[in-house]
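Have a look at the structure below before the remarks.
Read the figures in this text as sums done on the coordinates, not as results from a lab. Just so it is clear, the model here is predicted, and its values are computed rather than measured. Methodologically, a virtual Cβ is constructed for each residue, glycine included, from the backbone with ideal geometry; neighbour enumeration extends over all protein chains shown.
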Amino acid sequence: MSRYSVAALTDFAAEVFEKTGLASGRAKVMAQVLVEGDLLGHSTHGLALLELYADELASGAMAATGDPDTLSDRGAAIAWNGKRLPGPWLVTQALVLASERARQYGMCTVTIQKSHHIAALAAYLQPVVQQGLVAIIMSSDPNARSVAPFGGSASVMTPNPIAAGWPTRDGLVALDVSMSVTAAGVVARHARAGQKLPHAWLLDKTGKPTDDAAIPLGDGGGSVQALGGMDAGHKGFALGLWVEAMTSALSGYGRSQPAAGKIGASVMVQVIDPSAFGGLDAFTEESGYMVDACHASTPADPAKPVRVPGEAGLARKRAAQSLGVNLHPEIPAQLEKVGERFSLKVPNPL
C-alpha cells in the first residue's frame with residue numbers, strides 16, 4: 001500500500017466534484033468527508049466512492065444544486081427533505097445546525113429523508129466532539145435490501161450503521177458499527193478479488209451460512225447476517241429495526257415508498273450538549289475514567305492491549321497527516337480512471 005498526501009487527495013477529489021457541477025464549497029466538503037473515511041481506515045466508504053458519486057452527479061441521480069426543504073422545525077426537532085442532494089454535504093450541514101441548537105436547547109435531532117448516500121459515518125464525529133458535544137448518527141437506505149432478519153433468509157433491510165462520538169478527559173471515543181456482521185461493500189470487495197470471506201458472514205438463498213462473497217445479495221438471492229450471526233443475531237436484528245424506526249420512520253419516508261433502483265439514505269443526526277445535563281467536566285471525568293479502566297484491563301493477549309472504539313482509527317489518522325494516507329490497493333486504479341475521465345492528474349504516491 002502506497003502513501004499519498006492528504007491535501008493532494010482532497011484537492012483532487014474536490015476538483016472531480018467541481019467538474020460534475022458542485023459549487024466549490026460543497027465540493028470541498030464532499031472531498032474532505034471521503035478522504036476522512038480513508039484516514040480512519042474505512043476504505044470501502046472513502047475515496048472508493050468517488051467514481052460512484054461522480055457517476056450519480058453526472059446522471060442527475062445525485063442533485064448538484066439546491067437546498068433541503070424544511071418539513072418541520074420545532075427548535076430542537078427538525079425534519080428535512082434532502083431532495084437527493086449529496087449526502088456528505090447534507091449531514092455536515094445538519095450537524096452544524098444541530099450543534100448550534102444543542103447549545104440552545106441542550107440537545108437537537110435532525111432527520112433527513114431522501115438524502116443521497118452519506119459515506120462513512122465515523123468521518124463526521126471528530127469536529128462535533130471537539131466542541132465538547134456528543135454526536136449520534138444513524139443511517140439506512142430504504143431503496144436497498146441486503147440484510148436478513150434473524151431466523152429468516154430473505155433480505156429486508158440494509159446494514160443500518162450507528163455512529164457516536166463523545167469527549168473524554170484526553171480526547172474522544174468514536175464508534176461506527178453496522179447492525180450487520182459486515183457491510184455490503186466489504187462483501188463486494190472480496191468478490192472482486194475472487195476471495196472467500198474470513199467467516200460465514202452471509203446466508204445463501206435457502207438461509208444456510210456461507211463465506212462465498214460471490215453470491216448475489218438482495219432480491220431473490222443471499223443476504224448478510226445480522227450483527228451477532230447465527231448465535232446472537234437476534235440482537236443485531238433488533239438494533240437494525242430500531243435504526244429503521246429512527247431514520248426512515250422518523251423522517252417520514254422509507255421502505256413503504258421505495259424509489260426502485262436509486263441509491264439513497266434516510267438519516268438521523270442528534271447532538272447533545274453535556275453542559276445542559278450533569279456538566280461537561282463531570283461528563284469527561286466519567287467518560288475518561290471508563291477509558292482508563294478499559295485500558296487497565298489485563299489483555300487476554302499481551303500483544304493486543306485493550307483499545308476503545310475509534311482509538312486505532314484516530315491513531316491511523318494522526319500518522320497519515322504526517323506520513324501520508326495509505327490507500328487500499330484497489331483505489332489508485334479507480335482514481336486513475338476518474339482522473340482520465342475528467343482530464344485531471346491523480347496525485348503521485350509520496
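Compute the distance from the alpha-carbon center of segment 83-99 to that of segment 2-46, in whole Å. Centre-to-centre (Cα) distance: 16 Å. Seen from VAL186, the other residues with C-beta closer than 13 Å to its C-beta sum to a net charge of +1, counting Lys and Arg as +1 and Asp and Glu as -1.
Note on the chain: with a GNM built from Cα contacts shorter than 10 Å, the maximum mean-square fluctuation among HIS190, HIS42, HIS117 falls on HIS190. When the chain is treated as a GNM with alpha-carbon contacts under 10 Å, the residue of ALA79, ALA293, ALA315 showing the greatest mean-square fluctuation is ALA293. Think of it as helices only: each DSSP H run of n ≥ 4 in the chain is worth -39500 (n - 2.57), and spread over all residues that comes to -12000 deg cm²/dmol at 222 nm.
Placing pseudo-labels 7 Å out from each Cα toward the beta carbon at MET230 and SER2 gives an inter-label distance of 4.3 nm. Each Lys and Arg Cβ is given +1 and each Asp and Glu Cβ -1; about its Cα centre, the chain then shows a dipole of about 460 debye.
Would you mind pulling out the separation of the Cα centroids of segment 216-258 and segment 303-326, in Å? Centre-to-centre distance over Cα atoms comes out at 30 Å. Listed by chain and number, the lysines whose C-alpha is less than 22 Å from the C-alpha of LYS345, apart from same-chain residues fewer than 8 away, are LYS19, LYS28, LYS337. Partner aspartates and glutamates whose Cα lies under 18 Å from the Cα of LYS83, excluding those fewer than 8 positions away in the same chain, are identified as ASP55, GLU56, ASP67, ASP69, ASP73, ASP141.
If the chain were replaced by its equivalent ellipsoid, with semi-axes equal to the square roots of 5 times the Cα gyration tensor eigenvalues, what would those be, largest first, whole Å? Write out the running numbers ahead of the final one.
Working: eigenvalues 149, 134, 119 Å².
Listed largest to smallest, the semi-axes of the chain are 27, 26, 24 Å.
Between ALA122, ALA200, ALA148, which gets the highest mean-square fluctuation from a Gaussian network model of the chain, Cα cutoff 10 Å? The residue with the greatest mean-square fluctuation here is ALA200.
Panel note: the C-alpha atoms of segment 123-196, placed on their principal axes, show extents of 44, 27, 22 Å (largest first). What is the local net charge at GLU286, summed over the other residues whose Cβ is closer than 14 Å to its Cβ (Lys, Arg +1; Asp, Glu -1)? Local net charge: -3.
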